[in-house]
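These notes concern the structure reproduced below.
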Amino acid sequence: MIKKKNEVLEAATFRRLLDHLSKRVDVQNVDLMNLAGFCRNCLSRWYTEEAQKIGLEMDKEDGQELVYGMPYKTWKEKYQTKRSEEEIAQVMKMNDKLDSN
């Protein structure tokens with residue numbers, strides 16, 4: 001019974017996180033990566049990978065739409081701001097170092 005309650009709470013918490021992120025379109029993925037080491041794309045990839053582990057058919061676009069609340073292409077067009085390639089590379093390099101430890 002405790003395991004089921006934990007799953008319910010975890011699911012509710014995840015929904016709140018997605019809701020929060022959907023309201024904070026001012027926070028770009030690169031900002032999330034810089035501060036937290038993960039972003040909306042990471043969440044969508046993790047969701048897709050976990051679905052596939054239990055035998056559910058889900059592709060990258062399905063996971064992205066769940067996390068972004070709309071197709072990823074639409075979100076990018078509406079909300080993503082332009083960042084320099086250097087800034088993006090620096091953030092990704094920093095996170096790659098953390099992942100390898």
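Could you check segment 75-88 and list, in sequence order, the residues that are assigned to a helix (DSSP H, G or I) and surrounded by 11 or more Cβ atoms within 10 Å (Cβ to Cβ)?
Trp75, Lys76, Tyr79, Glu87, Ile88
Of the residues Asp31, Asp62, Asp96, which is free of Cβ contacts under 8 Å to residues at least 40 places away in the same chain, farther than 23 Å from Ala11 by Cβ and surrounded by 13 or more Cβ atoms within 10 Å (Cβ to Cβ)?
Asp31
Find the residue count for segment 1-52, including only residues that are among the charged types (D, E, K, R), assigned to a helix (DSSP H, G or I) and under 19 Å from Thr74 (Cα atoms).
Filtering segment 1-52 for residues among the charged types (D, E, K, R) gives 3-5, 7, 10, 15-16, 19, 23-24, 26, 31, 40, 45, 49-50.
Checking which are assigned to a helix (DSSP H, G or I) leaves us with 3-5, 7, 10, 15-16, 19, 23, 31, 40, 45, 49-50.
Right, trim to under 19 Å from Thr74 (Cα atoms) and you get 19, 23, 40, 45.
Residues flagged as among the charged types (D, E, K, R), assigned to a helix (DSSP H, G or I) and under 19 Å from Thr74 (Cα atoms) within segment 1-52 amount to 4.
Which of (1) closer than 18 Å to Phe14 by Cβ; (2) more than 10 Å from the chain's Cα centre (by Cα); (3) of a type outside the set (A, V, I, L, M) is the odd one out, the single condition Tyr68 does not satisfy?
Looking at each condition in turn, Tyr68 falls short on (2).
Filter segment 35-56 down to the residues that are among the polar types (S, T, N, Q) and surrounded by 17 or more Cβ atoms within 10 Å (Cβ to Cβ) and list them by number. Write out each step before concluding.
To start, the set of residues in segment 35-56 that are among the polar types (S, T, N, Q) comprises 41, 44, 48, 52.
Residues satisfying the conditions are Asn41, Ser44, Thr48.
Looking at segment 57-96, which of the residues that are polar (S, T, N, Q) and modelled with pLDDT of 95 or more is nearest to Ser44 (Cα to Cα)?
Among those residues, the one meeting the criterion is Gln64.
The values are calculated or read from the model by the stated rules, or taken from the named source; none is laboratory data. Since the structure is predicted, the reported quantities are computational estimates derived from the model, not experimental observations. Counting neighbours? That spans all protein chains shown, and the Cβs are built from the backbone with ideal geometry, glycine included.
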